[in-house]
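Peer 1: Would you mind keeping the following structure in view while I ask a few things?
The values are calculated or read from the model by the stated rules, or taken from the named source; none is laboratory data. Predicted model only: the values in this text are computed from it and were never measured. Glycine also receives a Cβ, built like all others from the backbone with ideal geometry; neighbour counts cover every protein chain displayed. Calculation scope for accessible area: heavy atoms of the full protein, side chains included, ligands and nucleic acids excluded. Shrake-Rupley method; radii C 1.70, N 1.55, O 1.52, S 1.80 Å.
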Amino acid sequence: MKVYGAIESGGTKFVCIVGTDPNNLLKEERFPTTTPQETIDRVIGFFQPYADRGALAAVGIASFGPLDLNIASPTYGYITTTPKAGWSQINLHGDIQRRLQVPVAFDTDVNAAAFGEQYWIPEHKLLDPFLYITVGTGIGVGVIVNKFPLHGLMHAEGGHFALPHDWQRDPFQGVCPYHGDCLEGLASGLSMTKRWGQSPEHLPDSHPGWELESDYIALALVNMIYAYSPQRIILGGGVSQHPGLVQAVRCKVKQFMNGYIQSSMLMERIDEYILPPALGNRSGALGAIAMARVLAARLL
Ligand SMILES: [Zn+2]
């Protein structure tokens, strides 16, 4: 039997999985992200037995970025300018492909999550463009267009959308090292922790921080709806799981659009349009399995 590999590479941990689909995962391991050499050695060790006996058809990598996804670039498959110490200019895709000798699909963690949510959930299959946004420690956006993750100059960086910032209501300067008060700067979990002096998990339901948070996320989604015209938006990540947040965002998206987009999906059925991830916090890893499957099928 052929199996597929998934690598979810994050700034704090790596998750490796072997399986064929979400209901048939054969082995899974997670370990902390240390040096590139040590971490990649452990990845290889995990997959090697399957590769050695010819069972591993392909591997998908869902990685923290930024990444070089331009296939014509000499640094294709590299993690490029990450602030994560030691991980800048690391040839993650190339190293793993060379050492395992199997085809390797490579994309951002959020593009993989978007891909997984569309690929594995039957109701999402025909919805295109398809958008996934995660609001956790950071904010990332994955976009699927014509069945594949959107790549251009690089990949979509919707986490850094510029937002209207009312300095009187919210005098916080933001946490993005590049922009200060971009979307991630104002609405990430990190920004909430810095602004309020406590992490979002500990912020009471009645705290005004949640009103501000749903405003910023809704403003960002309105811009994303104008820009990409997605047929579905998945709102994932730890901060989004706060009770009532998704519902507040839905109401505000409608309110901010003010009837401009004449779609019944937005006007009447927004509860079906902005959804929590069907795969929970597994969208990225299961998306990487899906990427591996699609790559293997294309190479047949
Ligand atoms: Zn930014």
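Peer 1: Does Val145 fit the bill of being open to solvent by 30 Å² or more (accessible area, probe 1.4 Å), within 16 Å of the ligand (Cβ to nearest atom) and touching an Asp or Glu at 6+ places or on another chain (Cβ under 8 Å)? Give the steps one after another, and end with the answer.
Peer 2: Details: open to solvent by 30 Å² or more (accessible area, probe 1.4 Å): yes; within 16 Å of the ligand (Cβ to nearest atom): no; touching an Asp or Glu at 6+ places or on another chain (Cβ under 8 Å): yes.
Considered against the rule, which asks whether it is open to solvent by 30 Å² or more (accessible area, probe 1.4 Å), within 16 Å of the ligand (Cβ to nearest atom) and touching an Asp or Glu at 6+ places or on another chain (Cβ under 8 Å), Val145 comes out as no.
Peer 1: So Thr12 passes all but one of these: (1) touching a Lys or Arg at 6+ places or on another chain (Cβ under 7 Å); (2) modelled with pLDDT under 95. Which condition number does it fail?
Peer 2: All conditions are met except number (1).
Peer 1: Counting only residues that are in contact with a helix residue (DSSP H, G or I) (Cβ under 7 Å, 6 or more places away or on another chain), surrounded by 14 or more Cβ atoms within 10 Å (Cβ to Cβ) and part of a helix (DSSP H, G or I), how many does the range 266-283 have?
Peer 2: Of the residues in that region, 4 qualify.
Peer 1: Now, a different point. If Gly259 satisfies all but one of (1) at negative phi; (2) open to solvent by 10 Å² or more (accessible area, probe 1.4 Å), what's the number of the condition it fails?
Peer 2: Looking at each condition in turn, Gly259 falls short on (1).
Peer 1: Mind checking which pairs have a first residue in the range 227-240 that is under 26 Å from Thr193 (Cα atoms) and a second that is part of a strand (DSSP E or B) and among the aromatic types (Phe, Trp, Tyr), Cβ under 6 Å, 6 or more apart or different chains?
Peer 2: If the second residue must be part of a strand (DSSP E or B) and among the aromatic types (Phe, Trp, Tyr), the pairs left are Ile234/Tyr132.
Peer 1: Within the range 189-209, track down each residue that is in contact with a Ser or Thr (Cβ under 9 Å, 6 or more places away or on another chain), within 16 Å of the ligand (Cβ to nearest atom) and open to solvent by 20 Å² or more (accessible area, probe 1.4 Å).
Peer 2: Selection gives Leu190 alone.
Peer 1: Scan the range 57-77 and tell me whether some residue there is touching a residue at least 40 places away in the same chain (Cβ under 8 Å) and acidic (Asp, Glu). Give the steps one after another, and end with the answer.
Peer 2: Initially, the range 57-77 is screened for residues touching a residue at least 40 places away in the same chain (Cβ under 8 Å), giving 57-70.
Now drop any that are not acidic (Asp, Glu), which leaves 68.
So far as the range 57-77 goes, yes, one or more of its residues are touching a residue at least 40 places away in the same chain (Cβ under 8 Å) and acidic (Asp, Glu).
Peer 1: Further question: If Met154 satisfies every condition in (1) closer than 19 Å to Ile71 by Cβ; (2) within 16 Å of the ligand (Cβ to nearest atom); (3) modelled with pLDDT of 95 or more; (4) surrounded by fewer than 17 Cβ atoms within 10 Å (Cβ to Cβ) but one, which is the exception?
Peer 2: Among (1) closer than 19 Å to Ile71 by Cβ; (2) within 16 Å of the ligand (Cβ to nearest atom); (3) modelled with pLDDT of 95 or more; (4) surrounded by fewer than 17 Cβ atoms within 10 Å (Cβ to Cβ), Met154 violates only (3).
Peer 1: Looking at Leu186, Leu212, can you tell me which residue is part of a helix (DSSP H, G or I), within 15 Å of the ligand (Cβ to nearest atom), without any contact (Cβ under 8 Å) to a residue 60 or more places away in the chain and closer than 28 Å to Asp271 by Cα?
Peer 2: Numbers: Leu212 fails: within 15 Å of the ligand (Cβ to nearest atom).
Only one candidate qualifies: Leu186.
Peer 1: Which ranges mark the strands (runs of 3 or more DSSP E) fully within the range 21-126 that have 1 or more residues being open to solvent by 40 Å² or more (accessible area, probe 1.4 Å) and farther than 27 Å from Tyr178 by Cβ?
Peer 2: Numbers: elements: 24-32, 56-63, 104-108.
Counting at least 1 such residues, we get 24-32.
Peer 1: Something else: Looking at the range 151-182, which of its residues are in a loop (DSSP other than H, G, I, E, B), among the aliphatic types (A, V, I, L, M) and under 20 Å from Phe256 (Cβ atoms)? Break it down stepwise before answering.
Peer 2: Keep residues of the range 151-182 that are in a loop (DSSP other than H, G, I, E, B), which gives 152-154, 156-157, 161, 163-175, 177-179, 181.
Still in the list and also among the aliphatic types (A, V, I, L, M): 153-154, 156, 163, 175.
Scanning the range 151-182 gives a single hit, Leu163.
Peer 1: Separate question: Select from the range 160-174 the residues that are more than 7 Å from the ligand (Cβ to nearest atom) and within 23 Å of Ile144 (Cβ to Cβ) and list them in ascending order. Give the derivation first.
Peer 2: Of the range 160-174, the ones more than 7 Å from the ligand (Cβ to nearest atom) are 161-174.
Matches in the range 160-174: Phe161 only.
Peer 1: Yes or no: Pro177 away from the ligand (no atom under 14 Å from the Cβ) and either more than 22 Å from Cys16 (Cα to Cα) or at pLDDT 95 or above (or both)? Give the derivation first.
Peer 2: Values: away from the ligand (no atom under 14 Å from the Cβ): no; either more than 22 Å from Cys16 (Cα to Cα) or at pLDDT 95 or above (or both): yes.
Answer is no for this residue.
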